[in-house]
Amino acid sequence: MGNQRISETELILPALYLMKRNGGSIDTSSLIDLLTNLMKPEGRDAEILDGRNDTYFSQKVRNLKSHDTFERYGYATYNGSGYTITNTGAKFVEDNDENIKYLLASGFDYDDVKYSLGRIVKTKKSTILPYNEIVSEGEVTISVSKTAQRSQRLRQVAIEHFSHNGTISCDCCGFEFKSYYGETYGTPCIEIHHMKPIFQYAGVSITQTIDDALTNLLPVCPNCHRVIHRNKITAALIPDFKDELARIHHC
């Protein structure tokens, strides 16, 4: 768990996302509560400031007003009690809708989410597209063709990478489909879990992205995959999850 505090830049996109979801306007107190619930700050950000009721995280949210952070980008205005998103801000959220859902709903480590959110704002590129986790052979769950093709290619390469003698097992519980269902029905239904955010940036080759991505992927069965996401088991907690499964089933 890192001790680096979240930056104002890293708060911009999730704050705008909440404004848009709240009908376009939000007061500071509500923004603090909703951002805290959405991002679940850890480490230094979760600590209480000396002599204050604020955490380091909530103080950083307050700084968005004192430093006119949204106004500098033209993303929102402050009216004395809260923020109102501008058309520019709403468009920025719309352009990054897939990105923010991918980052905030996938159970990634807090530090990885912070870094990725900041990078999106700094690059100002709506072409940053996440690789989707594909849940069954040949199925693509998003409609952007370029991203879909890369997602499918990533899955194929990952299956080849993690296969041994033609079989691939869940890295958490050890389940292997072919052994259980046989040759006829045992076509790999393995799923590929992202332990860290994986993005494809314009100008970066798909081969290089996939090579980098393989170190952050994990082959898992559908059951373990659902448990990981449902319980928000981060990359740092995966070893504990695997140890617990081994303890329960191999006593």
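The values are calculated or read from the model by the stated rules, or taken from the named source; none is laboratory data. Everything numeric here is computed off the predicted structure, so don't read it as measured data. Here the Cβ positions follow ideal geometry from the backbone for every residue, glycine too, while neighbour counts run over all protein chains shown. All accessible areas refer to the heavy atoms of the entire protein, side chains included, with ligands and DNA or RNA removed. Shrake-Rupley method; radii C 1.70, N 1.55, O 1.52, S 1.80 Å.
Listed by first and then second residue, the pairs linking a residue in the range 193-210 that is open to solvent by 30 Å² or more (accessible area, probe 1.4 Å) to a residue that is at pLDDT below 75 and in a helix (DSSP H, G or I), with Cβ atoms under 6 Å apart and 6 or more places separating them unless they lie on different chains, are Ile206/Arg150.
Among the candidates Lys101, Lys60, single out the residue that is in a helix (DSSP H, G or I), surrounded by 17 or more Cβ atoms within 10 Å (Cβ to Cβ) and under 24 Å from the mean Cα position of the chain (by Cα). Give the steps one after another, and end with the answer.
On the way: Lys101 fails: surrounded by 17 or more Cβ atoms within 10 Å (Cβ to Cβ).
Unique residue meeting the criteria: Lys60.
Condition first: in a helix (DSSP H, G or I) and within 14 Å of the chain's Cα centre (by Cα). Now tell me which residues in the range 214-238 satisfy that. Outline the logic, then answer.
Step one: of the range 214-238, the residues in a helix (DSSP H, G or I) are 214-216, 222-230, 235-238.
Scanning the range 214-238 gives Asn216, Ile228, His229, Arg230, Ala235.
Which residues, counting only those in the range 1-40, are touching a strand residue (DSSP E or B) at 6+ places or on another chain (Cβ under 7 Å) and either open to solvent by 40 Å² or more (accessible area, probe 1.4 Å) or in contact (Cβ under 8 Å) with a residue 60 or more places away in the chain (or both)? Those that are touching a strand residue (DSSP E or B) at 6+ places or on another chain (Cβ under 7 Å) and either open to solvent by 40 Å² or more (accessible area, probe 1.4 Å) or in contact (Cβ under 8 Å) with a residue 60 or more places away in the chain (or both): Leu16, Met19, Lys20, Gly24, Ser25, Asp27.
In this structure, does Gly51 turn out to be open to solvent by 20 Å² or more (accessible area, probe 1.4 Å) and at positive phi?
On the way: open to solvent by 20 Å² or more (accessible area, probe 1.4 Å): yes; at positive phi: yes.
So Gly51 passes the test.
Just one of the listed residues (Gly174, Gly107) is at pLDDT 85 or above and assigned to a loop (DSSP other than H, G, I, E, B), namely Gly174.
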